[in-house]
1. Using a 1.4 Å probe over the heavy atoms of the protein chains, calculate the carbon and sulfur portion of the accessible area of the range A:358-449 as a whole percent.
2. Note down the net charge around A:Gln428, summing +1 for each Lys or Arg and -1 for each Asp or Glu among other residues with Cβ under 10 Å from its Cβ.
3. Counting only protein heavy atoms and using a 1.4 Å probe, what share of the accessible area of the range A:208-290 belongs to carbon plus sulfur, as a whole percent?
4. Based on alpha-carbon centroids, what's the gap between the range A:301-355 and the range A:251-269 in Å, whole number please?
5. What shape does chain A have by the C-alpha gyration tensor, where a ≥ b ≥ c are the square roots of the eigenvalues, rounded means a/c under 1.5, and otherwise prolate means a/b greater than b/c and oblate the rest?
6. Count charges around A:Val409 for me, please; just the other residues with Cβ under 15 Å from its Cβ, Lys/Arg as +1, Asp/Glu as -1.
7. Measuring from label point to label point, each 7 Å out along Cα→Cβ, what is the A:Ser380 to A:Glu257 span in nm?
8. Quick check: the angle from helix A:335-344's long axis to the longest principal axis of chain A, C-alpha only, nearest 10 degrees?
Amino acid sequence: MARSTSLSGFAEWLPAERLVELHMLDTLREVFERHGFSSLESRAVETLETLLQKGEVDKEIYAVSRLQEELAEDAAPKKDGRLALRFDNTVPFARYVVENAGHLNFPFRRHQIQKVWRGERPQDGRYREFTQADIDVVGDGELPFRADVEIAVVIAQALDSMPIGEFHLRINNRKLAQGFYTALGLEDTTAVLRGIDKLEKIGPERVAEDLKTTAGATDEQARKALALAQIRTEDTSFVDQVRALTEGLTGDTALLEEGLAELEELIAEVGKRVPGRAVADLSIARGLDYYTGTVYETVLVGHENLGSICSGGRYESLASKGRRTFPGVGISIGVTRLVARVLSSEMATATRSVPAAVYVALRTEEDWGAAQDVADQLRSRGINAEVALKAEKFGRQIRHADRRGIPFVWFTDEEGNHEVKDIRSGEQTAADPATWTPADDDMLPRIVESV
RNA sequence: GUGGGUGUAGCUCAGCUGGUAGAGCAUCGCGUUGUGGUCGCGAGGGUCGCGGGUUCAAGCCCCGUCACUCACCCCA
């Protein structure tokens with residue numbers, strides 16, 4: 001069902017596919033708002049400097065310019081104030097928080113479901129234009145760790161209510177990992193993290209090699225770092241496993257203990273509130289370097305090749321304004337990636353491709369006004385109706401409705417008697433436009449999950 | 001950006017050693033003249049991605065180019 005598009009990396013859906021996407025977007029908004037996250041939309045463009053600040057990640061950014069300005073002969077190339085499309089929702093949000101700090105109440109929680117753009121090479125599940133659904137909680141100066149727990153709970157519930165089958169929220173804590181490396185005597189903890197991040201892709205042998213060359217690890221240090229990364233539990237038993245590994249370590253373990261306590265609390269709470277979804281997975285590192293504590297990543301069971309469909313984490317300094325800093329914790333769902341996979345593997349489909357429940361047939365060209373009156377009577381009672389544009393043979397009009405999945409065709413004869421035909425059973429009965437109502441299941445297109 | 005694969009009808013794809021461009025599905029029409037789906041018969045639909053070269057002759061061979069796609073990098 002999901003087709004490739006003429007412009008690679010820019011997904012455009014057919015009507016029935018769009019309904020699946022809409023359903024997922026609606027569900028996300030509903031769940032987010034149920035947990036008190038306000039909706040927010042930020043502008044599509046940011047200044048280039050804003051986008052380039054964060055973490056110095058070399059994102060593929062689309063710049064935006066005015067054609068007239070470019071064409072002007074004497075236009076000196078301006079560097080400052082150049083505009084570019086946002087590549088995620090976190091950076092614009094950070095800018096928004098700083099700009100509006102005086103009007104917001106902290107801790108501030110918001111959701112933001114918007115398109116973002118990246119000029120990367122498109123691939124299966126990778127788009128140049130795609131929708132991200134973010135939730136973040138941001139504090140003024142400090143933000144209780146509980147927010148990390150809540151983010152995981154909300155996102156697990158949101159994913160739970162979408163037609164995507166089983167998923168695993170894989171959670172780690174950077175304090176734990178970095179604290180462990182420090183205790184081990186490894187100085188360059190970011191290099192170690194980067195190496196560990198490749199574990200799933202290139203395997204333990206090559207990671208060990210990598211750790212020795214790029215992070216200056218000894219055989220024993222590499223072995224222990226890998227052993228830590230291989231810990232994965234659905235309950236808090238990882239704590240004992242980590243402790244077994246740290247026995248006899250002489251370095252400073254304060255940071256390690258802090259991370260361990262945080263992850264333990266998180267796994268315990270999420271396990272209680274949304275059972276079976278969260279796993280402590282000590283191999284999760286995340287590429288971005290601004291995460292400072294909890295890190296989240298999510299895989300669809302059976303679709304591991306798709307990569308993460310949802311990830312995020314805690315950052316001690318989302319933004320700063322003078323001496324104020326705003327710590328935050330957030331997570332983002334790759335909606336387009338998810339929708340594409342739901343469509344291509346037919347995890348969910350729409351019951352029909354159009355909103356209309358009733359197709360009002362036209363007996364003669366002169367009857368159009370009367371047919372619209374019938375349709376209006378239905379519409380005023382919340383029943384979506386469409387009137388035929390031409391008085392074609394009834395067979396054609398029925399076929400037109402059939403092809404779009406419209407379940408009912410309405411007929412009015414020359415005496416003004418009304419009949420409605422259920423296109424699936426072929427049954428046709430007398431009906432009153434003022435009172436007739438379709439079955440609940442036929443009112444609107446529904447999204448059905450195929451198991 | 002680097003490397004591999006693929007470009008033929010709306011879709012999925014055949015096309016032999018270079019010799020007049022095909023099938024299935026879809027669409028449209030008729031059978032059934034204003035109540036669809038099934039069935040039968042028929043019809044329309046092509047810059048063979050684009051440009052050049054070799055040849056009497058190119059969808060096929062050669063060169064270039066573009067697009068799509070997969071992998072790497074990075075990531076939702």
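1. After summing per-atom areas, the C and S share lands at 46 percent.
2. Value of the local net charge: -2.
3. 46
4. With the range A:301-355 and the range A:251-269 each reduced to a Cα centre, they are spaced 26 Å.
5. Verdict is prolate for chain A.
6. Residues close to A:Val409 contribute a combined charge of +1.
7. 7.4
8. 60
The values are calculated or read from the model by the stated rules, or taken from the named source; none is laboratory data. Everything numeric here is computed off the predicted structure, so don't read it as measured data. Please note: Cβ atoms are built from the backbone with ideal geometry, for glycine as well, and neighbour counts cover all protein chains shown. When the accessible area is computed, the model is the full protein with side chains, heavy atoms only, and any ligands, DNA or RNA have been set aside. Shrake-Rupley method; radii C 1.70, N 1.55, O 1.52, S 1.80 Å.
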